[in-house]
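No value in this document is a laboratory result; all are computed from the given coordinates. Just so it is clear, the structure is predicted and the values come from calculations on it, not from any experiment. Here the Cβ positions follow ideal geometry from the backbone for every residue, glycine too, while neighbour counts run over all protein chains shown.
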Amino acid sequence: MTMNMPAAPAPRGTVSPLTFSDEELEWESQRLMTAIKQPRRWTLDICRTIAPYTLEINRLKREKDVYLIAHSYQTPDIVYGVADEVADSYSLSKSARDAEQKIILFSSVRFMAETAKILSPHKIVLHPSPEAGCSLAESITAQNVKDIRAKYPGVPIACYINTTAAVKAEVDVCVTSSNYLKICENLPGNKLIFIPDRFMGKHLQNALAGKKEVIIYDGECEVHAIFTGEKVRSWKERASEDGYDLMVLSHPECDADVLEESDIIGSSEVLMTEAIRLGNEGKNDIMLITECGTADRIQAESDSELNLIGSCVMCRHMKATQLEDILQALREPLPDQIIELDDEVIIRAKKSLDEMFRFTEM
Ligand code: 13P
Ligand code: SF4
């Protein structure tokens, strides 16, 4: 693998885990190393350091009836050490809606934990890193949406799930990276407003050209905005000079110029499953244009010798959560680690999410 990957994060030392026997620790370290499948970055020594955290977290989950959901961009120690489910934002929203446990712990950014609370309002929803935001969610307020609605009366508003609960409460339907094309195409009328991602909005404008007018906003993902079509073209040229037949896989939060250079466009989960599929078909030279967590998951879950090319970008918000934050939230959550939303916001935002499920399952 030639992709540059960030180093494994070391515990900050803010929370001390319980003491476990040498036998338990050795067994857990081996389990972690085998599951993460990156022995050079996630060495046995590193796995030994994190083992007491994962052991205590897994014990607390059982004792307190907690369902631990983690987004694909969380670090491998969380994904393969403690998560009950890992996926993209659409699948995780459904899991949060359908979870049977009393408590949901969402290891991810704030808007995803808020979405879980909207969909399961009677459950306790824990979010270990209250400061973990998202540049898209921060790019638009509920008042901005009210202003847009006043400017374009009667035009349906579709909003990317990467938004606050207050914004979701003001729109007609939510979408994710796995259903935005289908939902926007099926919305009534020949005009729609798409907020807040300008790149995904541009992609929609191109895809629906001649069928629907798409009015867009100016938010962007600070991670996917870094990739440019020019960079992708130069990587492709280099690969072809070296004799590689490169497959380019990118996330729809990237610029339209990047998407044009791509063979496959999809959510974090789709990119992972497609990379695994390509590997199984012997197409091992893959360029991933997305956050580094997807490459971590591919490494762990593919049985092929993949040659991942290029360099991924890390989301500082997604990577804000560490095992010790999860441990602390499970032991005794701080007030701001418990998601609380206004009842009226929950009711109104839930309508937009229910519409998303309805359109997706149509
Ligand atoms: P996915 O739904 O594709 O996981 O995307 C969420 C996200 O924040 C990507 O940057
Ligand atoms: Fe937000 Fe981008 Fe980070 Fe996803 S990768 S959480 S869109 S800033």
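Under a model in which nothing but the beta-carbon of Lys, Arg (+1) and Asp, Glu (-1) is charged, region 254-333 shows a dipole of about 300 debye around its Cα centre. Contact order for the chain, expressed relative to its length and based on alpha carbon pairs under 8 Å spaced 6+ residues apart, stands at 22 percent. Exposure proxy ranking for MET314, MET356, MET362, MET33, based on other Cβ atoms within 10 angstrom of each Cβ and starting from the fewest, stands as MET362, MET314, MET33, MET356.
For region 53-156, the tally of Lys pairs with Cα-Cα distances below 30 Å comes to 16, considering only residues 8 or more apart or on different chains.
Calculation over all alpha carbon pairs of region 246-362 in 10 angstrom steps from 0 returns a P(r) of 12, 29, 26, 25, 8, 0 percent. What the Cα convex hull of region 1-124 gives, in volume per residue, is 122 Å³.
Residue order for TRP42, TRP27, fewest other beta carbons within 10 angstrom first, comes to TRP27, TRP42. Each Lys and Arg Cβ is given +1 and each Asp and Glu Cβ -1; about its Cα centre, the chain then shows a dipole of about 780 debye. What is region 141-204 by shape, rounded, prolate or oblate, if you read a ≥ b ≥ c off the alpha carbon gyration tensor as root eigenvalues and call it rounded for a/c under 1.5, prolate for a/b larger than b/c, and oblate otherwise? It is oblate, given that a/c is not under 1.5 and a/b is not larger than b/c. The calculated 222 nm mean residue ellipticity attributable to helices in the chain amounts to -13500 deg cm²/dmol, summing -39500 (n - 2.57) over DSSP H runs of n ≥ 4 and dividing by all residues. Computed from the Cα positions only, the extents of region 64-138 along the three principal axes stand at 31, 26, 21 Å, in decreasing order. Remark on region 91-238: Rg and Dmax equal 16.8, 54 Å (Cα only).
Rounded to two decimals, what is Rg over Rh for region 232-284 when you use alpha-carbon atoms and the Kirkwood radius? Taking Rg over the Kirkwood Rh, I get 0.98. Here the chain carries DSSP beta bridges of which approximately 5% are antiparallel, counting only pairs with both residues inside. Kirkwood hydrodynamic radius of the chain, from the reciprocal of the average inverse Cα-Cα distance over all distinct pairs: 21.2 Å. For region 300-360, the equivalent ellipsoid derived from the Cα gyration tensor has semi-axes of 33, 24, 12 Å, listed largest first. Below 8 Å between Cα atoms, with a sequence gap of 6+, how large is the relative contact order for region 5-63 in percent? Once divided by the residue count of region 5-63, the mean separation gives 41 percent.
May I ask you to derive the relative contact order of region 174-274, considering only C-alpha pairs under 8 Å and at least 6 residues apart, and to give it as an integer percent? Reported relative contact order: 26 percent. Taking other C-beta atoms within 10 angstrom as a stand-in for reagent exposure, LEU334, LEU105, LEU271, LEU259 fall in the order LEU334, LEU259, LEU271, LEU105, fewest first. Would you mind classifying region 1-59 by shape? Square roots of the alpha carbon gyration tensor eigenvalues, ordered a ≥ b ≥ c; an a/c under 1.5 is rounded, otherwise it is prolate if a/b is larger than b/c and oblate if not. Oblate, because a/c is 1.5 or more while a/b does not exceed b/c.
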